[in-house]
2 protein chains.
Amino acid sequence: MSNEFATHTIRPVRIRDCLQASDIAAIARIVSATGFFSAAEQRIAVEIAEEHLAKGAESTYRFLFAEAEQKIAGYSCYGHIDGTQSSFDLYWIAVAPEHQGNGIGHSLIAHTESRIRDLSGNGIYVETASRELYRPTHAFYESCGYQLAARLPAFYAPDDDKLIFFKALQV
Amino acid sequence: MSNEFATHTIRPVRIRDCLQASDIAAIARIVSATGFFSAAEQRIAVEIAEEHLAKGAESTYRFLFAEAEQKIAGYSCYGHIDGTQSSFDLYWIAVAPEHQGNGIGHSLIAHTESRIRDLSGNGIYVETASRELYRPTHAFYESCGYQLAARLPAFYAPDDDKLIFFKALQV
């Protein structure tokens with residue numbers, strides 16, 4: 001019997017904390033290239049990074065980067081939700097198209113969860129849209145142990161609901 | 001049969017748009033005095049107002065004030081939710097304790113909905129906590145036609161869920 005599945009070449013990936021000024025362009029490039037983010041969302045992703053740089057330690061956002069061959073292959077942006085005891089939001093997670101399918105998304109989310117555990121976080125929320133384009137996104141979160149916690153009908157547009165996924169962290 | 005209910009003295013209320021620098025102190029005073037907002041929430045309410053003043057027309061927040069006897073009796077803060085076609089958030093609505101029970105909250109929310117309709121908004125979301133303290137808040141939103149759309153268990157704290165209320169606007 002032949003093996004129908006391609007074996008991925010797993011390139012070495014380095015996980016790095018902390019946003020640097022030079023990362024802004026990489027973030028803009030990645031969120032544009034994936035095809036999953038609207039123009040408004042791309043703008044917000046960059047604005048959040050710029051705001052984080054400007055605010056420094058005061059910022060509630062935190063960033064994690066996955067580097068492959070000295071380049072940023074993907075990143076996550078997360079943070080403690082103000083007004084909650086220990087809930088966190090995963091605001092953004094994106095992997096450059098040329099690096100997708102190599103487990104970088106799973107690695108980024110696992111490291112993000114580990115950082116959140118270190119910060120005494122006990123639950124992570126992630127919001128996404130219900131429309132067809134995001135089916136792989138839903139499958140990705142489910143494969144990482146996230147469950148659908150809420151659905152807000154027609155939130156984004158008449159046929160596009162907001163889905164809120166959640167994962168409880170064992171601390 | 002005696003009438004057990006007090007007849008409220010309805011004082012004339014003026015509804016005013018636009019945040020002015022002098023309103024910041026009134027906002028701080030009201031969100032502190034109601035007893036419904038945590039220290040973190042009070043800080044956020046003031047920060048949002050300050051950010052709005054600094055950003056001017058670029059800000060996505062909008063404010064509405066109810067004035068009685070030349071003083072601010074209550075206010076709402078609302079705005080279009082970035083990335084959505086026509087969904088709005090009601091971020092804050094608060095009435096000073098000495099003005100509660102006079103219909104100012106209902107008046108503020110009705111005028112806020114009217115402003116949102118003018119901006120082609122077709123749905124309003126409002127988030128609140130599930131704990132006992134907020135029972136009157138839930139009853140208030142329900143009396144204004146808002147329905148519970150989602151519940152996120154243990155969002156704020158182990159025994160404190162996030163409740164998301166929603167009202168569809170007929171445009």
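Evaluate E = 1/(1 + (r/R0)^6) for residue A:168 and residue B:50, where r is the Cβ-Cβ distance and R0 equals 30 Å; express this FRET efficiency to the nearest 0.05.
Values: r = 35 Å, r/R0 = 1.18.
Once rounded, the FRET efficiency stands at 0.25.
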- Task: Sort out the exposed loop GluC sites (Glu not before Pro) in chain B (DSSP loop, at most 12 other Cβ within 10 Å) and tell me the longest stretch that has none.
- Result: B:70-171
- Task: Rank the residues B:46, B:13 as a footprinting-exposure proxy: fewest other Cβ atoms within 10 Å of their Cβ go first.
- Result: B:46, B:13
- Under a no-solvent Debye model with one identical scatterer per Cα of the protein assembly as shown, what's log10 I(q)/I(0) at q = 0.06, 0.07, 0.12, 0.15 Å⁻¹? -0.26, -0.35, -0.94, -1.39
- Given a Förster distance of 51 angstrom, what is the FRET efficiency for residue A:40 paired with residue B:69, based on the Cβ-Cβ distance and rounded to 0.05? 0.75
- Item | Helical contribution to [θ] at 222 nm, DSSP H n ≥ 4, -39,500 (n - 2.57), averaged over chain B, rounded to 500 | -9500 deg cm²/dmol
- Can you grab the distance from the C-alpha centre of the stretch B:100-126 to the C-alpha centre of the stretch B:147-168, Å, no decimals? 20 Å
- Indicate the gyration tensor shape class of the stretch B:91-171 (rounded, prolate or oblate), computed on the Cα atoms with a ≥ b ≥ c the square roots of the eigenvalues: a/c under 1.5 is rounded; otherwise a/b larger than b/c is prolate and the rest oblate. oblate
- Query: Could you give, in nm with one decimal, how far residue B:147 is from each other copy of that position, shortest first, with labels 7 Å out from Cα toward Cβ?
  - Reply: 2.5
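When Lys and Arg each count +1 and Asp and Glu each count -1, what net charge do the other residues less than 9 Å away from residue A:127, Cβ to Cβ, add up to? Please list the in-between numbers first.
On the way: positive: A:162; negative: A:89.
The answer is 0.
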- Counting Lys and Arg as +1 and Asp and Glu as -1, each charge on the Cβ, what is the dipole of the protein assembly as shown about the Cα centre in debye, to the nearest 20? 60 debye
- When chain B is turned about an axis onto chain A, which of its residues keeps its C-beta closest to that axis, and how many Å is it? B:150, 2
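Label chain B by shape, choosing from rounded, prolate and oblate, from the square roots a ≥ b ≥ c of the eigenvalues of the Cα gyration tensor; if a/c is under 1.5 it is rounded, and otherwise prolate applies when a/b is larger than b/c, oblate when it is not. All intermediate terms of the calculation are to be shown ahead of the outcome.
Working: a/c = 1.28, a/b = 1.08, b/c = 1.19.
Rounded, since a/c falls under 1.5.
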- Note on the structure: With +1 at each Lys and Arg Cβ and -1 at each Asp and Glu Cβ, the charge dipole magnitude of chain A around its Cα centre, to the nearest 20 debye, comes out at 280 debye
- In this model, which of A:162/B:167; A:55/B:55; A:167/B:162; A:71/A:167 are farther than 18 Å apart at the alpha-carbon? A:71/A:167
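By count of other Cβ within 10 Å, fewest leading, how are A:34, A:60, A:84 ordered?
Starting with the residue having the fewest Cβ neighbours, the order is A:60, A:34, A:84.
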- Message: Compute and list, largest first, the equivalent-ellipsoid semi-axes of the stretch B:30-131 from the alpha carbon gyration tensor, each √(5λ) rounded to a whole angstrom.
- Response: 21, 16, 14
- Work out from phi, with θ = phi - 60° and the Karplus expression 6.51 cos²θ - 1.76 cosθ + 1.60, the ³J(HN,Hα) of each residue of the stretch B:101-114, listed in order in whole Hz, and give x for Gly and Pro. x, 10, x, 5, x, 5, 5, 4, 5, 5, 5, 5, 4, 5
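Count, for each residue of B:150-159, the Cβ atoms from other chains sitting within 10 Å of its Cβ, then give me the mean as a whole number. Before the final figure, lay out each step's value.
Details: counts 6, 2, 8, 4, 8, 10, 6, 4, 3, 0.
Per-residue shielding by partner chains comes out at 5.
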- Note on the structure: Output row for residue A:159: copy-to-copy label distances, label 7 Å along Cα→C-beta, ascending, in nanometres, one decimal, is 4.6
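Each value in this text was obtained by applying a stated rule to the coordinates, not by laboratory testing. Small disclaimer: the values here were computed from a predicted structure and weren't measured. Every residue, glycine among them, receives a Cβ derived from its backbone with ideal geometry; neighbour counts consider all protein chains shown.
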